[in-house]
Amino acid sequence: MDLKLEEANLSHSVKIWEILQKAIQRRKADGSNQWQDGYPNLKIVKNDIEKEQGFVLTDCKDILGYCAIMINDEPEYANLEGEWLSNEDFVVFHRVAIDETQLGKGLAKKMIGFIEDFALENNVYSVKADTNFDNVAMLKIFENLGYTHCGEVYFRGSARKAFEKVLIKEQPKNKFDF
């Protein structure tokens, strides 16, 4: 599968919203309170896109997933109850959702890999994110991808687990490296 992460445009918003609605239903079926309060919604998706922060995971023809990516743009992270691994610039991602017909293929992990690449391409070496305490799938992904639990942050009155991964700067090769 030839995957890529690309900036979303407003023509993608209907499909993105469809993916998010199914994800909201899955969270509810799992017994989670995450995304059960009217967030996220289509207005937020359109706002992400207008701010050039909405991204779609595609196989070059179909939209398989969605996320929002920002650089240094999460005010709540300044109120972390705990301690971040770094205090440098960071990429933050939110609203990760995979099309329900594509679940079980490791696409969320691949999407996060693309997000890490996005960070490096922007000379940012920290990726931060959060999830609900009962989002077992995302907690497992964070663990598998080497994210460190740093504490809790609060959104809309609810505590969420906050994670960070410090990315390694690629060292320039000297002329004697083969």
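So, of the residues in the stretch 94-116 that are within 17 Å of N144 (Cα to Cα) and small (G, A, S), which turns out to be surrounded by the fewest Cβ atoms within 10 Å (Cβ to Cβ)?
G104
I'd like to verify a number: residues in the stretch 117-129 that are surrounded by fewer than 19 Cβ atoms within 10 Å (Cβ to Cβ) and in a helix (DSSP H, G or I), how many?
So the count comes out to 4.
I need a count of the residues in the stretch 130-171 that are under 15 Å from G113 (Cβ atoms), touching a strand residue (DSSP E or B) at 6+ places or on another chain (Cβ under 9 Å) and part of a loop (DSSP other than H, G, I, E, B).
Looking only at that region, the number is 4.
Test I71 against the criterion of being closer than 19 Å to I112 by Cα and surrounded by fewer than 17 Cβ atoms within 10 Å (Cβ to Cβ), and give yes or no.
In short, yes.
Just to be sure before I move on: is D62 acidic (D, E), out of contact with any Phe, Trp or Tyr (no Cβ under 7 Å at 6 or more places or on another chain), surrounded by fewer than 19 Cβ atoms within 10 Å (Cβ to Cβ) and modelled with pLDDT under 95 in the structure I sent?
no
Among D37, D59, which is the only one that is over 15 Å from I16 (Cβ atoms) and touching a Leu at 6+ places or on another chain (Cβ under 7 Å)?
Answer to the check: D59.
Here are some residues: A78, A129. Which one is touching a His at 6+ places or on another chain (Cβ under 8 Å) and of a type in the set (A, V, I, L, M, F, W, C)?
From the options A78, A129, the qualifying one is A129.
Out of the residues in the stretch 139-148 that are surrounded by fewer than 19 Cβ atoms within 10 Å (Cβ to Cβ) and touching a residue at least 24 places away in the same chain (Cβ under 8 Å), state the one that is farthest from E18 (Cα to Cα).
The residue in question is T148.
Condition check ((1) among the β-branched types (V, I, T); (2) within 15 Å of the chain's Cα centre (by Cα); (3) modelled with pLDDT under 95; (4) within 26 Å of I44 (Cα to Cα)) across all residues:
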residue: G82; (1), (2), (3), (4): no, no, no, no
residue: L85; (1), (2), (3), (4): no, no, no, no
residue: V96; (1), (2), (3), (4): yes, yes, no, yes
residue: D99; (1), (2), (3), (4): no, yes, no, yes
residue: M111; (1), (2), (3), (4): no, yes, no, yes
residue: L139; (1), (2), (3), (4): no, yes, no, yes
residue: L145; (1), (2), (3), (4): no, yes, no, no
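Taking the conditions exactly as written (within 17 Å of the chain's Cα centre (by Cα), aromatic (F, W, Y), surrounded by fewer than 17 Cβ atoms within 10 Å (Cβ to Cβ) and farther than 18 Å from L20 by Cα), does F90 satisfy them or not?
No: the conditions fail for F90.
Identify the residue in the stretch 31-47 that is touching a residue at least 12 places away in the same chain (Cβ under 8 Å) and more than 15 Å from A97 (Cβ to Cβ) and, among all such residues, is surrounded by the most Cβ atoms within 10 Å (Cβ to Cβ).
Only one residue tops the list, namely K46.
The values are calculated or read from the model by the stated rules, or taken from the named source; none is laboratory data. Note that the structure is a prediction, hence the values are computed from the model and not measured. Quick reminder, even Gly has a Cβ in these numbers, built from the backbone with ideal geometry, and neighbours come from all protein chains shown.
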